[in-house]
1. On the basis of being in contact with a helix residue (DSSP H, G or I) (Cβ under 8 Å, 6 or more places away or on another chain) and either surrounded by fewer than 16 Cβ atoms within 10 Å (Cβ to Cβ) or within 16 Å of residue 42 (Cβ to Cβ) (or both), does residue 177 make the cut?
2. Is it the case that the range 210-221 has a residue that's in a helix (DSSP H, G or I), crowded, with 20+ Cβ neighbours inside 10 Å and touching a residue at least 40 places away in the same chain (Cβ under 8 Å)?
3. Please determine whether any residue of the range 176-186 is over 30 Å from residue 118 (Cα atoms), at pLDDT 90 or above and in a helix (DSSP H, G or I).
4. Only one of these is more than 16 Å from residue 174 (Cα to Cα), out of contact with any strand residue (DSSP E or B) (no Cβ under 6 Å at 6 or more places or on another chain) and touching a residue at least 12 places away in the same chain (Cβ under 8 Å): 97, 61, 67. Name it.
5. From the list 43, 67, 77, exactly one residue is at negative phi, part of a helix (DSSP H, G or I), touching an Asp or Glu at 6+ places or on another chain (Cβ under 9 Å) and modelled with pLDDT of 95 or more. Which is it?
6. Of the residues that sit in the range 86-102 and are of a type outside the set (A, V, I, L, M) and modelled with pLDDT of 85 or more, which one is surrounded by the most Cβ atoms within 10 Å (Cβ to Cβ)?
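The values are calculated or read from the model by the stated rules, or taken from the named source; none is laboratory data. Fair warning: this is a prediction, and the values are worked out from it, not measured in the lab. Virtual Cβ from ideal backbone geometry, glycine too; neighbours counted across all protein chains shown.
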Amino acid sequence: MWLSFALLSSLISGGRRVYDKYLTNTFENFAMGFIVQAFSLLPSVILIFILPHGTEVGMLPWRFWWPLLIIWFILYPVQTYLMYRAVREADISTVTPVMCLLPVFNVGTSFLLLGEVPSIFGFLGIFLIVFGTYFALSQKKGNNSFSAPVLFMVLAMFCIAIGSSLDKVAIQVSNPVFYGFMNTLGASVVFFVLIYLYKEKHSLKQMRSTKWLLPFILLGVLQAISFTSSMYAFKYGPVSYVLSIRAGSYILAGLYGIIVLKETFSTRKAIALLFFLTGVIALAFA
């Protein structure tokens, strides 16, 4: 069951990353976070009425709330700033494949928080993805530095990996659709405050333009469906395997950047994409 939910989330996520690249040309980092979360609130509420949940808010234990507090006030602000800065400052085909590091980082957090351990094929996939990451990080010969946007994306993925394990901790005492709504609600409030703290108010003015209304509505619907699907996949399957399926969508986004957006395609990118794809397949079928 988890595989179908993970595949649905994967298909939506890959296309969304391409659209993120377009939006970052107009909106700042925390404004992007607010747009994604706020416009998915209403669709998330609708999903609560469509899908069974049966959650009584007053009966939720502390195990439901402490993961959310960490995600809202620490992980979301950090990962959002790093991820959208990376997307803005580099080719999409360079930074999006690094999102395949999600299942790699998540192995450790899932073991510590959930007791989940990958199989031998899972560890093989991890090795291949890490090897591919080296090619995505390293630059031309004679330059020992690393690409700053790729490093930003690596750090963002580390935050998301921790958050994914915390998602499952909370879901175990709740249910995916209600948890998805609460996660989105708190994140919307936090990002709204951060917009003012970091003086991104001009982005709020940009949002008022009617030309953005339909794209934002579509983005919100896709985000709500994708996030809720991920939460259902987390509930029924190992988190690192679910993230490996989602990572496959980022490979497609990287290829989109090369084929459609005409971004530079080098031997280094080809090697990185090959190892990423092979590693994701190994993890998905582990």
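1. Judged against the criteria, residue 177 is a match.
2. Checked against the condition, which is being in a helix (DSSP H, G or I), crowded, with 20+ Cβ neighbours inside 10 Å and touching a residue at least 40 places away in the same chain (Cβ under 8 Å), the range 210-221 yields at least one hit.
3. Checked the range 176-186: at least one residue is over 30 Å from residue 118 (Cα atoms), at pLDDT 90 or above and in a helix (DSSP H, G or I).
4. Sole residue among the options that is more than 16 Å from residue 174 (Cα to Cα), out of contact with any strand residue (DSSP E or B) (no Cβ under 6 Å at 6 or more places or on another chain) and touching a residue at least 12 places away in the same chain (Cβ under 8 Å): 97.
5. Within the list 43, 67, 77, the selection yields 67.
6. 88
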